Structures are given as structure tokens and as C-alpha cells.
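What follows is a set of notes on a single structure, which appears directly below.
Derivation of every value follows stated rules applied to the coordinates shown; laboratory data play no part. All figures in this text were calculated on a predicted structure; none of them were measured in a lab. We place every Cβ from the backbone using ideal geometry, glycine too, and count neighbours over all the protein chains shown.
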Amino acid sequence: MSSKTTSGQSGCSISGTPCRRRTKPRASARRRSPSFSSAIASAASTPPLCSIHCARPLKVAAGTDESASAHVTTLIACIRLVNRQLKQAHHRLDGLTASLIATAQVEPGQKKQHDVEILASLPGVGRVVLATLLAEAFDALQRRDYAALRSLTGVAPVTKRSGKSCIVVRRQACHDRLANAMYHWARVAVQHDLTSHLKYAALRSRGHSHGRVLRSVADRLLAVACAMLKTGTTFDPSLAAQKSAC
């Protein structure tokens, strides 16, 4: 029994069933990403920046230049207004903190303490951080409660235990404004305080993230602030350098 071949087919099997033709891959499948050489060639064919600047300017509709100029003028006025309001707010904050120092009067026989001066002497504490601490954590500062300050500001981690597992995560239940103030306090202190900078570098070398290290730096700064408030002394950079050297 002879095997028949079907027209248009390349061949068939012994039983007469036609074989499947090998189809060519699609054009999208044959496409490949451009090679490095083609990328270099396309970059070389790109006109330089100087030629773009020297080219003829783009033609726009009539009145486009005037409308753009008017919009930019409005934006400049808004920016100047915001800057003026920021300066007024900063001046107001400075006046309020200065009034706290002037009115820090206590009864006879009690120790006079200037919390504003002590906190302002710490590295990294500016007018906004100082105002946030005095406004949002006043009770904890009056009690010199280090544990409460750690919880309010969010620098104290949370330990989760379940069976044999123990996970330490960031504290989410905290005061948002205080957490933001502590972040900027630690960030600026790392740039200006040697001890904070060394602590930051040591923790970063151990693989901790930037935010995790700044919370550790802020935790140390809170401990220093509570100790200074208890003793009634301001920050002394030379004393801190001597302790770090020892």
C-alpha cells in the first residue's frame, strides 16, 4: 500500500497522516533589544546640545509669550508671599521661645530651670524642632520622662513575640509631628555633632537603613536631653568630645 502525499505538504508518515509544517517565528519574537553598538551609534547621531540651542526658535501661537510671562509673574508673587509668611512665622516662633525664657520664674526655694535654653543648646535643634518639642511633648519634658518621650516620638522599637519568633519593628503608633521633628533633629545632628556622626557611620556599616540609624541617633539625643534637663546644664561640645575619646 503506497503512501500518498498531500499537495502543499512537505511529506507524510507511513500511515498517510500529513506531517506538521514547521512555522516561522513571528516578527515580534524575532525582534531583539538593540545591542550596545547600535545604542552607541544612535547616541553618536544625536545632535549636540549646542546645536539645539543655536537652532531656530519654535514658532508658537500669538499671545503665548505674553500668557507665559503673566503666569511666571503670578508665580513669583506667590513665592514672595510664601517667603514673607515663613519669615513672619519664624520671627513669631523666636519671640515665643524668648518669652518662655524671660517668664521662667519659680517660687523661692525652688531650683530655676530654663528648659528652652537647655534644649536649644543641643546640636541639631532649630526653631521648628524646639517649638514642636515644647508644644507637643511639654508634659513629658516637665517630668523628664525618657520612656514616654521615646514612645511619643516613635524612636522606641516594638518587639513582637510569637512562640519562638521574636521580631523588632518600627513603632507606628506615635505622634506624627514629633516623629518628623526627631527625624530632622537627628539628621542635622549627624552633620554637626561628632558623636552622632560616628554612631551613624557605625550603624550604617552594619547594614542598617538610613531611617533606622537616624532613629537610633535620635534615641541617644533624647537620653542626653533628659540627662541635661535633670541636671540643669546646657550642652558642652568639649565635654562630649572628651567622653567619646575616652
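Taking R0 as 41 Å, what FRET efficiency do you get between Arg143 and Cys78 from their Cβ-Cβ distance, rounded to the nearest 0.05? Efficiency for this residue pair is about 0.40.
Globularity index of the stretch 113-245 is 1.06 (Cα radius of gyration / 2.2 N^0.38 Å, N = number of residues). Each of Ala148, Val158, Leu239 was scored by the projection of its Cα onto the charge dipole of the stretch 113-245, and the greatest displacement toward the positive side belongs to Val158; charges sit on the C-beta of Lys, Arg, Asp and Glu.
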